[in-house]
Amino acid sequence: MLANIAVSVLAALIFLIQADISQAEKPKNFRELIFTPESLKPIDSDLKVKVGDTAPDFILPSIQGEKVRLSQFQGNKNVVLSFVPAAWTPVCSDQWPGYVFARQLFEDQEAIILGITVDNIPTLYAWTRQMGEVWFPVLSDFWPHGAVADTYGVLRGDGTTERALIIIDKQGIIRNIKVEDINVRPPLDFIVTSLNRLNTKKTSSE
Amino acid sequence: MNKNIVLAPIIFLLPFLFTYVSIAETSSVVEVLPEITLTVPENKEHIQYLGLKGKPGESFTLGEIEADILMIELFSMYCPYCQHAAPIVNELYEKMEQIKQPDLKLVMIGIGANNTDLEVDTFRKGFDIAFPLFSDPDMSIYKTLAGEGTPGFIGCKKDGEKNVIFFRESGGFTDHSEFLDNLLNRAGLKEVDHAR
């Protein structure tokens, strides 16, 4: 009799514990694949460009297959260079999905984004496939490692880049720069306000 | 002697069993909706929908919203899951609006965690969202509500003088009717008729 009770209690306990464990398990998704480092030094480089400079030209391979040259957009589009530290890290992994979603805001301002990281093409490809239809070129500054980031002065000591936004007008001139704390996502407001100012000034001078 | 051998594991395990039961009981303790202050929106339809007395720009608390059940969606414009869920959440809102019972007012609001006004507005326009959205740029509301990721859904209801949280779900959902049934069931309202 007592043995029966003991077995019942044990069985009940095992059931409760297992039920608890199975509740804790969650399916794999994009978020669970993200590597989360400790809080990083906010900024770890010195800018080599300033507002008013001609943006240093570059050519980089894109995940879409073709090579993209910055100067190909001159006379045609305002350009937002969006450097993000690395694929598969927090903040970056939602910054570009936001830009993917806010496409209309960029198109309204006749702007294209060039998304740049120091990751290689396969890594960038796998990572951005999780973001829906990425409508802007995603460029790999992998080799020579971080060369373009270094030209702009946004290459960090550990080989990743700053979380930086560089606004370039249709003449190829840098019109605004934001090197954000790497741990924080820059507000969309910075991009929209900067682009708005470009287009408003252009209209008033015409 | 034999008795002792049989009893030993029971005596050993009993404290663990009681600990487990007491933890389970603790988690079912009523969770009071914390005091959260928001700004009265400009949109007159939203003011009416929320049953607010203040003017645009003035502040109000979540508890002042006239609702028998208040559903709070935690979202971010940047979150791909929230983008994916947005059309289904819109359908859920439509379903909630279709419930016309005099004693049951269902209200839904959205809180844009770590989103500026512009980002919330972009989300609203992008998905043509009809229910009121509020920005939470420093995530203070999200933290006060103990958010657990986006999209997140928190259901609140009146319990005497208090507003209590009776429902928490994280992640998206595919069937808005099932989700609404679940919400109403957990609110203790099993007989609410909503056309599926």
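Each reported figure results from applying straightforward, stated rules to the coordinates on display, with no laboratory input. Everything numeric here is computed off the predicted structure, so don't read it as measured data. Cβ placement follows ideal geometry from the backbone for every residue including glycine, while neighbour counts extend to all protein chains displayed.
Brief remarks follow.
- Listed by chain and number, the aspartates and glutamates placed with their C-alpha closer than 13 angstrom to that of residue B:125 are B:117; residues fewer than eight positions away on the same chain are left out.
- If R0 is 41 Å, the Cβ-Cβ spacing of residue B:186 and residue A:35 corresponds to a FRET efficiency of close to 0.70.
- Residues whose amide H falls under 5 Å from that of residue B:166, counting only those 5 or more places apart or on a different chain, are B:155, B:156, B:157, with hydrogens built in the peptide plane.
- Those residues of the range B:80-114 whose amide nitrogen sits under 16 Å from the label point placed on residue B:128, 7 Å along Cα→Cβ: B:86-95
- Computed lengthening from residue B:144 to residue B:44, 0.36 nm per intervening residue step minus Cα-Cα distance: 33.3 nm
- Distant-in-sequence amide contacts of residue A:113, defined by a placed amide H-H separation under 5 Å and a gap of 5 or more residues or a different chain, comprise A:80.
- Per-residue mean of foreign Cβ neighbours for A:182-192 is 3 (Cβ atoms of other chains, 10 Å radius).
- Between residue A:66 and residue A:151, the FRET efficiency from the beta-carbon distance, with R0 = 22 Å, is close to 0.55.
- Average beta-carbon neighbours from other chains, 10 Å sphere, peptide A:99-110: 3
- Our coupling estimate for the range A:67-79, obtained by passing each phi through the Karplus curve with A = 6.51, B = -1.76, C = 1.60 and θ = phi - 60°, is 8, 10, 10, 4, 5, 5, 8, 4, x, 10, 9, 6, 10 Hz, Gly and Pro reported as x.
- Distance from the range A:32-55 to the range B:147-192 (C-alpha centre basis), Å: 40 Å
- Label sites at residue A:196 and residue A:51, each approximated as a point 7 angstrom past Cα along Cα to Cβ, lie 1.6 nm apart.
- Pairs from the table (B:44/B:143; B:95/B:143; A:41/A:178) lying more than 26 angstrom apart at Cα are B:44/B:143; B:95/B:143.
- Of all aspartates and glutamates in the structure, not one lies under 13 Å Cα to Cα from residue A:50 without also being fewer than 8 positions from it along the same chain.
- Tensor-based shape of the range B:110-196 (alpha-carbon gyration tensor, a/c under 1.5 rounded, otherwise prolate or oblate): oblate
- Among the residues of B:79-90, the average count of other protein chain beta-carbon atoms within 10 Å of the residue beta-carbon is 3.
- Added length on full extension, which subtracts the Cα-Cα distance from 0.36 nm per residue, residue B:159 to residue B:31: 45.0 nm
- Under 19 Å from residue A:170, Cα to Cα: aspartates and glutamates that are on another chain or at least 8 residues apart: A:53, A:57, A:107, A:108, A:110, A:206
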